[in-house]
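Novice: Quick one: the structure is below, questions incoming.
The values are calculated or read from the model by the stated rules, or taken from the named source; none is laboratory data. Everything numeric here is computed off the predicted structure, so don't read it as measured data. So basically every Cβ, Gly included, is an ideal-geometry build from the backbone, and we count neighbours across all protein chains shown.
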Amino acid sequence: MVFLLPQEIFSFLRSFGGSIAPSNLENAVTFYEDLHSVNGGTEVQRKENYTNMINIYYDVATSFYEYGWCQSFHFSSRLYNETFHESIKRHEHYVALRLGLKPGMKVLDLGCGIGGPLREIAAFSGATVIGVNNNESQIKRGTVLNKQYGVAENCQFLKADFMKIPVPDNSIDAAYNMESCCHAPDLVALYKELYRVLKPGQCVAGYDWCMTKEYDPNDQYHNKVKDEIEFGNSLPTIRSTTEYIQAIKAAGFRVLMEEDMADKPDVHIPWYDSLNPNRLSLDGFRRTWLARLVGRQMLKVLEFTRIAPKGSIEVNELLERSGNGLYEGGRLRIFTPIFFYLAQKPHNENI
């Protein structure tokens, strides 16, 4: 984290921690950390506690994400002469085009964060997009941004667990996720829920986090990297690309397309470049090692002076470990956050 203007510091501090009381931040972070393999936790524990785990993570991580990344909390590979933000929008537009979104359609954004993709896709397609999110602080922030950008009419939020979406059967025209279904404790159950709410013949698409065919479960370092990614990103586990597609099919969908967008031949800058610990650039300065260093020292001062709550430094360290794990996973080609799929609910459900 790094801030260039004093007002950004105060804005960050106002939103940091979400619904967690400042006096309870350190305990909440400790609870989160103890669920993960790097601290002796298990996959079973993470799945049993996934609601609390994810809410704690996004309560403490969202402010860092927004100020250090952007309002769209997802990765993208970059084409030649393409800026970071242009690549983010391209990935969002690609989902809208593959789904054939248009005005009059009612669309779900699963695990929508503060609504960056939601607003972009709604503006690009003209569809009404409803963000499904179980984190109250993110919804509050997203609602403020919707009003700020004047898009409240066709950009909405629904506070709910996406494992149990409170909408009628066969009522939704399309659904997508931007690297969020990886949080699900049961992927088959999640896609069965999506199958229920989608109209016959309609589709779900998105990008998600998977281990690639290069991942070797018997390689100790590969497993260490996988554990770090799970720890730093509130994941119960990371499925392989094969497991991911099998889960979608098991829920009843027809898979129309699957592709690792990180492995395309026209990629000029890989998705993990922004996380390179040695990167130094004026473009996206806040994502460089120097920005991390400055931000780390600033946060130490803020916590020491009790302006920031105790546990803030620990959160920053958690997110830095996350970035390093993701960079290694990308560099080794054992992990991708942009595995794309398009799947259709059959017109005739008996087929």
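Novice: When residues of segment 19-40 are filtered for being at pLDDT 85 or above and not in a helix (DSSP H, G or I), how many remain?
Specialist: 3
Novice: Which of the following residues is in contact with a Ser or Thr (Cβ under 8 Å, 6 or more places away or on another chain), modelled with pLDDT of 85 or more and of a type in the set (Asp, Glu): Glu48, Glu43?
Specialist: Among Glu48, Glu43, only Glu43 is in contact with a Ser or Thr (Cβ under 8 Å, 6 or more places away or on another chain), modelled with pLDDT of 85 or more and of a type in the set (Asp, Glu).
Novice: Pick from segment 129-166 the residues that are β-branched (Val, Ile, Thr) and free of Cβ contacts under 8 Å to residues at least 40 places away in the same chain: which of them is nearest to Glu92 (Cα to Cα)?
Specialist: So the residue we want is Val129.
Novice: Just give me the residues in segment 19-37 being in contact with a Phe, Trp or Tyr (Cβ under 8 Å, 6 or more places away or on another chain) and buried (at least 19 other Cβ atoms within 10 Å of the Cβ), in sequence order.
Specialist: Tyr32, His36, listed by residue number.
Novice: Let me ask something else. Every residue in segment 198-219 that is within 23 Å of the chain's Cα centre (by Cα) and surrounded by fewer than 20 Cβ atoms within 10 Å (Cβ to Cβ), please.
Specialist: Thr212, Lys213, Glu214
Novice: Outside any strand (DSSP E or B), crowded, with 17+ Cβ neighbours inside 10 Å and of a type in the set (Lys, Arg): which single residue out of Arg98, Arg90 fits that description?
Specialist: Arg98
Novice: Pairs needed: first member in segment 90-108, farther than 14 Å from Gly201 by Cα and assigned by TED's automatic domain parsing to the domain that holds Ala123; second member anywhere, part of a helix (DSSP H, G or I) and of a type in the set (Val, Ile, Thr); C-beta distance under 6 Å; at least 6 residues apart or different chains.
Specialist: Listed pairs, sorted by first residue: Glu92/Ile121; Ala96/Ile121.
Novice: Go through (1) at positive phi; (2) without any contact (Cβ under 8 Å) to a residue 24 or more places away in the chain one by one and return the number of the condition Gly126 breaks.
Specialist: With respect to (1) at positive phi; (2) without any contact (Cβ under 8 Å) to a residue 24 or more places away in the chain, Gly126 is out only on (2).
Novice: Considering only residues of segment 263-290 that are among the aliphatic types (A, V, I, L, M) and either out of contact with any helix residue (DSSP H, G or I) (no Cβ under 7 Å at 6 or more places or on another chain) or under 15 Å from Trp69 (Cα atoms) (or both), which is modelled with the highest pLDDT?
Specialist: Ile269
Novice: Within segment 220-241, how many residues turn out to be in contact with a strand residue (DSSP E or B) (Cβ under 9 Å, 6 or more places away or on another chain), without any contact (Cβ under 8 Å) to a residue 60 or more places away in the chain and over 27 Å from Ser72 (Cβ atoms)?
Specialist: Adding up the residues that qualify gives 0.
Novice: Can you tell which of Gly68, Gly40 is more than 26 Å from Leu194 (Cα to Cα), touching a helix residue (DSSP H, G or I) at 6+ places or on another chain (Cβ under 6 Å) and either of a type in the set (Ser, Thr, Tyr) or surrounded by fewer than 23 Cβ atoms within 10 Å (Cβ to Cβ) (or both)?
Specialist: When all the criteria are applied, what remains is Gly68.
Novice: Checking the conditions here, which among Pro185, Pro217 is touching a residue at least 60 places away in the same chain (Cβ under 8 Å) and not polar (S, T, N, Q)?
Specialist: One residue alone meets the criteria, Pro185.
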